[in-house]
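For reference, the structure discussed in these notes is given below.
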Amino acid sequence: MSDEAATTGKSLLTPFNVIAGIIVIMGLFITVMRFTRGLGAVTNLSDYNPWGIWIGFDLLVGVALAAGGFVTSAAVYIFGMKKYHSAVRPAILTGFLGYAMVVVALNYDVGRPWRLPFPFIVQQGTTSLLFEVAACVALYLTVLFVEFSPAALEWLGLKRARNIIIRLTLLLTIFGVVLSTLHQSSLGALFLIAPSKLHPLWYSPYLPVYFFVSSIIAGLSMVIFESTLSHRYFKDKMDAAHLAEKDEVALGFGKAAALVLAGYFIVKLIGVSQGNGWHLLATSYGAWFLLEMLGFVALPCFLYAVGVREKNLKLIKWTAAWTVLGIIVNRLNVGLIAFNWQLPSAERYFPHWMEIGISVFLVTVGLIAFRFIVTRMPIMYAHKDYDETT
Amino acid sequence: MSISRRKFLGWLGAAGMGTALGKKATAATNKHFKGYANSNGVLYDNTRCIGCRKCELACNKVNELPSPQQSFSDMEVMNVPRRTTAKAYTVVNRYDGIPGAKGPQYRKIQCNHCLEPACASVCFVRAFTKTPKGAVVYDPSVCVGCRYCMVACPFNIPAYEYDNAFSPRVMKCTMCYPRIVKGLLPGCVEICPTGALTYGSRRDLLKIARERIRRFPGRYVDHIYGETEMGGTSWLYLSAVAFNKIGMREDLGVTPAPQFTAGALSAVPIVVGLWPVLLGGIYAINKRREKIAQQEKTQAVDSALEKARAEAAGQLSAAKQKAEAEKTVAIEKAVSKALEEEAEKSAAGTADTRAEDAAKKSSEEES
Amino acid sequence: MESTIHTLQEYMLHTENITYLLIVAALIAITFFYRFLTEKDDDEK
C-alpha cells in the first residue's frame, strides 16, 4: 500500500509506516533491555512459569500459522492440484518469514542464545522432544529458504541457480512435509512430559496428533487469510493467473479446512473420552474447553462447509480469520492457560507489557519484510522470463 | 572432564560414535530398569522436624548462595508457603491447623533426585545427569537456558537466574554432590539437630522407613513418599499427616518421566521412514494419472480428428459425385449410355483420393 | 568400553542416538533409491 509512496517519492509518513516505525523503535529499546539486563527485567517469567508468551505465542502459534507453506506445496506438487499453483509462493514466503520470526523470538527467550547450536555440536540430548523440534525447525527453515529462493533469484536475474533449485522442487516438498509433520506434532509432544501440570482436558497422549492436525487447519486458513489481506493491499502486484485462481484457492482450501476441522473435532472428542474427562466439562475449565471446541472448531467447520456449498467467498474469508484466532486460542491454552492450572492465582503467569512488545515487534518486522519482498519479487505474479508452472 | 574433551566427545556423538558404540543394552530385553543398585538418598521424617531452618542455613553456606534478606533464625518467613528459588535450594514450610495433627507440621523441599529424572529426559543438551551415587547434577557449561527442565519437573524444583543477563543458570539442589563424592554428608543432613534427615543407601533408607512405620503405626501415615512416585525418587519422606496436607502432590502416579515421551519419540523414525514412501507414492500415482489423462486426451483428439476427416471426406466425395453427376447429365446427350457409366465410375475414384488429400491438409493445419 | 544400562533414561538415550543416525541415513538413502526407481520413467518422456 504505502510502497507506492516510497517508489513515487511521495511522503513516507503513511499510517502503516508511522505505526510500524514506532513499534520498531519500541522493539529495539526492549531488545537492548533484554540483552543487557536479562530476562527478569523485561518478562514476568518465574520459577513456576518458565515459559511465557515468547514460547506460547511466538513459538507455538508462530509455527502453527506458518504451516501454510508445507500444506500448499504438498497440495500442488505432491497431490497434483495444479490449479492452486499461484498460492504456493505467497504461502512459502509467509511460512519462511514465520519460521524466521520464531527463530529470532527463541533468541530472546532462551537464557544464552549464542548456545543455540549446542544441541547439535556439543552434546545431543536425543531423548528430548525439544531436540527433535530444534533439529526440524532448523532444517525446515533451511528448506523454506531454498524453496523461497527462486523468487529472489528471478528478481536478481540469476537464471541458472534458479533452474537448479526448481528441479529440486519435489525433493524439497517431501522433505518439507516430513519435517513439518515431525516438529508440528512434537511441539504438542513437548507437553507430554508434564501430565501433572497441564489440565487433563488438554493433556492427552494424542497431543502430538492434535498439534499436527490443527497445524494443517492453521495452514489452510492462513493461506486464505493471507490471500484476502494481500488482495486488499497488493492487488496491483497480482497477475491475471493469481487473480483468477484466488477464489478457486479459497473454495478449495475452505473445503479442505472444513473436512480437517471435522476430523479434528472427532479426535479431540475421542481424547476426552479416552482420558475419561467428561465430568471435567462441568467445571470452569470445562466451559472454556467447550468454548474452544464449539466456538473455534465446530463453528468454523460448519461455516466453512456452508461457505463452500453456497460459494460464499466472504463467509469463507471471515471463517478463515476466525479459525486462525481459534488456533491462537488453542496454542495459548496448551502453553499457558491450561498449563499450571493447579497453581494459586497469585502464582499464575500474565505477560509483562515488554514481552507483548517484543511479540508485536517481531510480527511487525515480519510484515515489513513481507511487504518489502512482495513489492519487489515475483511472489504474486509469474516472472515474465520464466514458465512458472515448472 | 575438560571442556575440550567433552566437545570432542560431542563431535564424536554427532558423528555417531560416542554412545552408540560404548553401551551394550544388556538390560534391554525386558525394558525394566531398577536404577543404580547402590545409589544413595536421604530420608526426611517429618515427625522429627521442628522447623528450625538450620538445613536452609547449611545449604546456603555449603553452596555459597547469596545471604537472604531475612535471617535464617527468623521464623516469620514460614508464615507463607515458599518454594525453591535460584537463591535457596531448600526451604522448610510450616502447615498449621491440619485436622488430627499434633501442632504445626513441617515439610522440607528440595530436589528429590528422581530415579528417572524428567529434567534429564527433556534436556536437549544433556545438562542433567543421574549419577550412580544417586544425585541428579546439572552442568551449566552446556545449558542453553530453554528452561524445559522447569516445565517438566513434576515437583517444581529447578529455578532460574532470571536476573543474570549473560550467564544465567538453572539452580537446584545437588544433594551436595561435591561433598558426597568426598565422603562428606550433604550440608542439610549434617546440620540437622533432630535426626529428621538420614543419608544413606536408598535401599537401606527404605528398610529404615518401613521399620519406623511398623514400630509406630500411629505416628505415621502408611506410605513412604518417593518410593514409587514418578518411578521413585532418591529423597524419601515419612509424614504424620497425609502428604497432600503438607503440600505434596499425591496424584503424580508411578510412571517414570521418560515413559511419557517414549511413544512420541518412537513415532519420529516411523514418520521419517514412511512419509517419503507415502508422499512419493501419491506423487507417482498423480503423475501416472496425469499421463493417462494426457494419453486419453490425445486419443480423444485423434479419434475426433479421424471422425471429422471421415465426415469431411464423405461430404466432399458426395459433393463431387453430385457435381460430376450434374456434369454427366449435361453431356449425357452427347455420349452413349455405356460410356456414361464408365465415366461416372472413374470420376468417383479420383474424387475420393482428392477429397482425402484435402481433409489431411486441413487436419494438419488444425493441429 | 562396555557398561550395563541402569536407567530407562540411559536406555532411551542409547536407542535414540542410534535412531537419529538411522533417520539421517534413511532420508539420504530413500532419496537416491527413489531416483533409481524412477529415472527411467523420465527418459521415456
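So the values come out like this:
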{"quantity": "Residue check for B:S201: more than 9 Å from chain A (Cβ to nearest Cβ) and on the phi < 0 side of the Ramachandran plot", "calculated": "yes"}
{"quantity": "Considering residues of segment B:253-298 that are part of a loop (DSSP other than H, G, I, E, B) and surrounded by fewer than 17 Cβ atoms within 10 Å (Cβ to Cβ) only, the residue farthest from the other protein chains (Cβ to nearest Cβ)", "calculated": "B:V254"}
{"quantity": "A:Y77 within 11 Å of chain B (Cβ to nearest Cβ) and either touching a residue at least 60 places away in the same chain (Cβ under 8 Å) or closer than 20 Å to A:G366 by Cα (or both)", "calculated": "yes"}
{"quantity": "Output for segment A:342-390, where each listed residue is among the polar types (S, T, N, Q), in a loop (DSSP other than H, G, I, E, B) and either open to solvent by 40 Å² or more (accessible area, probe 1.4 Å) or without any contact (Cβ under 8 Å) to a residue 12 or more places away in the chain (or both)", "calculated": "A:Q342, A:T389, A:T390"}
{"quantity": "Qualifying residue in segment B:87-94 (condition: within 11 Å of chain A (Cβ to nearest Cβ) and in a loop (DSSP other than H, G, I, E, B))", "calculated": "yes"}
{"quantity": "Residues (more than 20 Å from the chain's Cα centre (by Cα) and within 13 Å of B:T261 (Cβ to Cβ)) located in segment A:184-202", "calculated": "A:L192, A:I193, A:A194, A:P195"}
{"quantity": "Any hit, segment B:28-42, residues being in a helix (DSSP H, G or I), at pLDDT below 90, more than 30 Å from B:A242 (Cα to Cα) and more than 14 Å from chain A (Cβ to nearest Cβ)", "calculated": "yes"}
{"quantity": "B:I208 among the β-branched types (V, I, T) and within 37 Å of the chain's Cα centre (by Cα)", "calculated": "no"}
{"quantity": "Number of the condition not met by A:S214 [criteria: (1) at pLDDT 95 or above; (2) open to solvent by 20 Å² or more (accessible area, probe 1.4 Å); (3) not aromatic (F, W, Y)]", "calculated": "(2)"}
{"quantity": "Residue tally, condition of a type in the set (A, V, I, L, M, F, W, C), facing another protein chain (nearest Cβ under 7 Å) and without any contact (Cβ under 8 Å) to a residue 12 or more places away in the chain, over segment B:111-167", "calculated": "1"}
{"quantity": "Selection from segment B:251-274 of residues that are touching a strand residue (DSSP E or B) at 6+ places or on another chain (Cβ under 8 Å) and acidic (D, E)", "calculated": "none"}
{"quantity": "Among (1) open to solvent by 10 Å² or more (accessible area, probe 1.4 Å); (2) at the interface with chain B (Cβ under 8 Å from one of its Cβ atoms); (3) over 18 Å from A:I270 (Cα atoms), the one test that A:S186 misses", "calculated": "(1)"}
{"quantity": "A:G80 open to solvent by 20 Å² or more (accessible area, probe 1.4 Å) and outside any helix (DSSP H, G or I)", "calculated": "yes"}
{"quantity": "Residues of segment B:242-252 satisfying the condition of being buried (at least 17 other Cβ atoms within 10 Å of the Cβ) and more than 7 Å from chain A (Cβ to nearest Cβ)", "calculated": "B:F243, B:K245, B:I246, B:M248"}
{"quantity": "Filter result for the condition that a residue is within 14 Å of chain B (Cβ to nearest Cβ) and in a helix (DSSP H, G or I), over A:Y99, A:Y108", "calculated": "A:Y108"}
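The values are calculated or read from the model by the stated rules, or taken from the named source; none is laboratory data. As the structure is a prediction and not an experimental result, all values here were calculated from the model. As a convention, Cβ positions derive from the backbone with ideal geometry for all residues, glycine included, and neighbour counts pool all protein chains shown. The protein model used for the area step is the full one, side chains on, heavy atoms only, and it has no ligands, DNA or RNA in it. Shrake-Rupley method; radii C 1.70, N 1.55, O 1.52, S 1.80 Å.
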